[in-house]
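The values are calculated or read from the model by the stated rules, or taken from the named source; none is laboratory data. Nothing here was measured: the structure is a model prediction, and the numbers come from that model. Positions of Cβ are backbone-derived with ideal geometry, glycine not excepted, and every protein chain shown enters the neighbour counts.
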Amino acid sequence: VQMLPFYLPDGFFMLEGLPQEVVNEIKMDSGIRYLMAKPDCAISFDRIQGTAWICGVHREAVQKRIGEMLGKWESEHWEQELEDYGVAMWLLGPQSSGQWLHRMETESG
């Protein structure tokens, strides 16, 4: 995988750091499937590693579409690292009811 991009840097691209959950969505996307069906485009996904190996003349179009999908996915799915248990309990609200978290979700849209 590292040798081909070394000798042909404009022919291959390895996209790394894809969330595992989004790889299946990318594989099922009609735009990606359309590009994969072309004879001069190949894409290989590794959900466990979170990578997409892209080669061919449509490489930039594939990268653009994956970028669009990642942007949408990241806007809908976010994670927050909390410092400790106390912060988590504060976020949940009185008696761990989830009231404050629900209020923040509804107010933020």
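Any residue at all in region 85-92 that's surrounded by 10 or more Cβ atoms within 10 Å (Cβ to Cβ) and either in a loop (DSSP other than H, G, I, E, B) or acidic (D, E) (or both)? For region 85-92, residues surrounded by 10 or more Cβ atoms within 10 Å (Cβ to Cβ) and either in a loop (DSSP other than H, G, I, E, B) or acidic (D, E) (or both): absent. Scan region 51-75 for residues that are assigned to a strand (DSSP E or B), more than 16 Å from D40 (Cβ to Cβ) and hydrophobic (A, V, I, L, M, F, W, C) and jot them down. Answer for region 51-75, where residues must be assigned to a strand (DSSP E or B), more than 16 Å from D40 (Cβ to Cβ) and hydrophobic (A, V, I, L, M, F, W, C): just A52. So which residues in region 68-97 are of a type in the set (D, E, K, R) and modelled with pLDDT under 75, if there are any at all? Hit for region 68-97 is E79, nothing else.
Within region 4-44, if we keep just the residues that are touching a residue at least 24 places away in the same chain (Cβ under 8 Å) and among the aromatic types (F, W, Y), the residue that is farthest from E68 (Cα to Cα) turns out to be F12.
Taking region 60-91 as the range and being touching a Leu at 6+ places or on another chain (Cβ under 6 Å) and either among the acidic types (D, E) or not assigned by TED's automatic domain parsing to the domain that holds S44 (or both) as the test, the residues that pass are A88, L91. Out of all the residues in region 20-43, which are out of contact with any Cys (no Cβ under 6 Å at 6 or more places or on another chain) and under 16 Å from L8 (Cβ atoms)? Within region 20-43, D40, C41 qualify. In region 20-44, the qualifying residues are those that are touching a Leu at 6+ places or on another chain (Cβ under 8 Å) and closer than 18 Å to E74 by Cβ, and the one that is surrounded by the fewest Cβ atoms within 10 Å (Cβ to Cβ) is V22.
When region 54-109 is filtered for residues that are under 15 Å from L18 (Cβ atoms) and in contact with a Cys (Cβ under 9 Å, 6 or more places away or on another chain), the ones remaining, listed by number, are I54, V62.
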